[in-house]
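What follows is one structure encoded as structure tokens, with my remarks underneath.
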Amino acid sequence: MIGRARPRSCGTTVIELLLALVVVGIFSTIAFGSYQQFVMRTRYARAVADISELKLLIMKYRVNNDNNLPLELSAVAPRVRLDPWGNQYEYLNFSAVHGNGRKRKDHNLVPINSEFDLYSKGPDGRSVSPLTAAASRDDIIMANNGAFIGKASEY
């Protein structure tokens with residue numbers, strides 16, 4: 001009995017289990033963050049595509065109606081169209097407003113379009129006319145009369 005070695009146990013220790021759980025937790029955290037970024041990029045891309053399509057519908061309406069723009073977005077898209085965050089897209093025909101108060105404006109407070117504004121309020125659902133305001137930085141906008149469609153913070 002003095003010369004015999006004790007057989008080793010084949011089970012796992014508590015420390016090994018905890019280490020495995022920590023590794024799985026780290027990978028899960030990284031994967032979840034990457035997934036959230038992917039979802040947000042997908043939503044932004046969908047909003048850009050929707051605004052591009054709505055802009056084309058507005059231009060088609062203009063061609064078919066003696067060069068007049070629609071007064072409301074419902075004239076070109078009868079179904080209520082929601083952005084990826086569940087809010088309605090915003091449309092403002094400049095011929096229906098007086099002054100520059102409600103028009104979207106750049107950092108110099110100059111309107112970013114000449115005939116109409118079309119935009120999504122973004123993930124926070126809030127927006128004000130100057131694009132430099134915190135509430136407008138995440139908006140998806142159409143600017144330069146449709147030459148730019150993207151995030152307000154990138155304009």
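The values are calculated or read from the model by the stated rules, or taken from the named source; none is laboratory data. Quantities reported herein were computed from a predicted structural model and do not represent experimental measurements. Cβ atoms come from the backbone with ideal geometry, glycine included; neighbour counts cover every protein chain shown.
How many residues does region 122-150 contain that are in a loop (DSSP other than H, G, I, E, B), surrounded by fewer than 20 Cβ atoms within 10 Å (Cβ to Cβ) and of a type outside the set (A, V, I, L, M)?
Result for region 122-150: 7.
Could you please find all residues in region 54-78 being farther than 17 Å from Glu115 by Cα and within 21 Å of the chain's Cα centre (by Cα)?
Ala77
Here are Lys55, Lys60: which of them is at pLDDT 95 or above and either under 15 Å from Ala152 (Cα atoms) or in contact with a strand residue (DSSP E or B) (Cβ under 8 Å, 6 or more places away or on another chain) (or both)?
Matching residue, one of Lys55, Lys60: Lys55.
Identify the residue in region 62-71 that is surrounded by 11 or more Cβ atoms within 10 Å (Cβ to Cβ) and either among the β-branched types (Val, Ile, Thr) or out of contact with any Leu (no Cβ under 8 Å at 6 or more places or on another chain) (or both) and, among all such residues, is farthest from Tyr91 (Cα to Cα).
Across region 62-71, the extreme among qualifying residues is Asn65.
Working only within region 78-99, note down all residues that are part of a strand (DSSP E or B) and either acidic (Asp, Glu) or without any contact (Cβ under 8 Å) to a residue 24 or more places away in the chain (or both).
Result: Leu82, Gln88, Glu90.
Test Arg102 against the criterion of being basic (Lys, Arg), surrounded by fewer than 18 Cβ atoms within 10 Å (Cβ to Cβ), in a loop (DSSP other than H, G, I, E, B) and touching a Leu at 6+ places or on another chain (Cβ under 9 Å), and give yes or no.
So Arg102 fits the description; yes.
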